[in-house]
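The values are calculated or read from the model by the stated rules, or taken from the named source; none is laboratory data. None of the values given here were measured: they were computed from a predicted structure. Keep in mind that these areas ignore ligands, DNA and RNA; they rest on the heavy atoms of the full protein, side chains included. Shrake-Rupley method; radii C 1.70, N 1.55, O 1.52, S 1.80 Å.
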Amino acid sequence: MGAYFLICTLALIWPVAGLANRIEPVVFGMPFFFFWHVLWVFMVFVGCLVTYLWEYAGEDE
């Protein structure tokens, strides 16, 4: 999971985010650069959710 979060983090900073630094195409009414950041923040949320479910699956308190 550490590698997954590292990839997500690198996708949000330079130089990888520079590849998405453009206005066109417009995705869901957002410029591509903004969509790129929203997408990766959502991917981090999914990773956190998967990690939580994997770590605490089947535990009853």
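Which whole-number percent gives the relative contact order of the chain, counting Cα pairs below 8 Å spaced six or more residues apart? Numbers along the way, then the final one.
Values: 32 pairs, mean separation 19.2, N = 61.
Relative contact order here is 32 percent.
Leaving out ligands and nucleic acids, and using a 1.4 Å probe, what accessible area per residue does the chain come to in Å²? Working shown, then result.
Values: 4940 Å² over 61 residues.
Value for the chain: 81 Å² per residue.
Using a 1.4 Å probe over the heavy atoms of the protein chains, calculate the carbon and sulfur portion of the accessible area of the chain as a whole percent. Don't skip to the answer; put the middle values down first.
Values: 3660 of 4940 Å².
Answer for the chain: carbon and sulfur cover 74 percent of the accessible area.
Helix 2-12 versus the longest principal axis of the chain: what is the Cα-based angle in degrees, 0 to 90, to the nearest 10?
Long axis of 2-12 versus the principal axis of the chain: about 20 degrees.
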